[in-house]
């Protein structure tokens, strides 16, 4: 049996690669050792005996060239503000305390990296970096050079991305409902305080038509999920909470449209748009803090 590799603990065989009188099983392990010591990360080897994984560093050439494309970056970036970017990589080779220590000290390997945090259970590392100082491609090459090769999948979206997309869709629907709610309230206001100053019939009809136009995108877009869910479950002989909500929405809309078009009343479009808005806002409580700030702004604009 030959010498034991200082980096990974493997048998170096009969012809070990020597560096500073220390044996290494391959050039990969020697390169990682040199990289760590060059950046004064000596304590990496104090956490465990031979903590490193056996590596075989290759010339990357253009292997990660696709990471220079903007459309690819947008799929990988979790957050981007100015030059600061945050990404999260799944790295299967995370296996011990020394892995965590090294990955959370990436900023010592490159000054462009601001911070990094490891989720050991999920085997993920989140890295915040300045893309003016280190590109996404260079970051992945750096991780690969110390044998923490990220698993990059551009096809499947993470649960976080799905929730983010759903949050954006919900916010758009809240925005449409909120805009319609504010305007229908304004147009319906004379009906509540008309007293002896009743509106002329032509203006009542005009305001009614405008309310109808505002309500159409609310019933067909903002509130469409309730209606689809109710009818889908009804078709499967299941009754859920969306059924009475959908019936109420359609009943108010159809009754109000009839009154407006037949000149027999002003309808209840303000009640309809307000009902949908507040139903969606209740779901909006589950969105992210930044989205809640925007939701709060919409509500303030309506009632100010």
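Below, the figures for the structure above:
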read-out: Size of the range 65-145 as Cα extents on the principal axes (Å, biggest first); value: 34, 23, 22
read-out: Whole-number percent relative contact order across the range 65-145, with pairs defined as alpha carbons under 8 Å at least 6 apart; value: 30
read-out: Separation in nanometres of the label points that stand 7 Å from Cα toward Cβ, at residue 78 and residue 132; value: 2.4
read-out: Relative packing of 225-234, 171-180, which averages over residues the other C-beta atoms within 10 Å, highest first; value: 171-180, 225-234
read-out: Sorted peptide list for 125-132, 15-22, criterion being average Cβ within 10 angstrom, highest first; value: 125-132, 15-22
read-out: Sorted by Cβ neighbour density within 10 Å, fewest at the top, the residues 104, 124; value: 104, 124
read-out: Projected label distance in nm at residue 186 and residue 254, using a 7 Å step from Cα toward the beta-carbon; value: 3.2
read-out: Cα→Cβ-extended label distance, 7 Å offset, between residue 154 and residue 15, nm; value: 4.1
read-out: Fully extended contour minus Cα-Cα distance, from residue 247 to residue 203, at 0.36 nm per residue; value: 12.8 nm
read-out: Net lengthening on full extension, residue 224/residue 240 (0.36 nm per residue, minus Cα-Cα); value: 4.2 nm
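Quick note: the coordinates plus some simple rules give every number you see, no bench work behind them. Just so you know, these numbers come straight off a predicted model, no measurement behind them. Neighbour counts run over all protein chains shown; Cβ positions are idealised from the backbone, glycine included.
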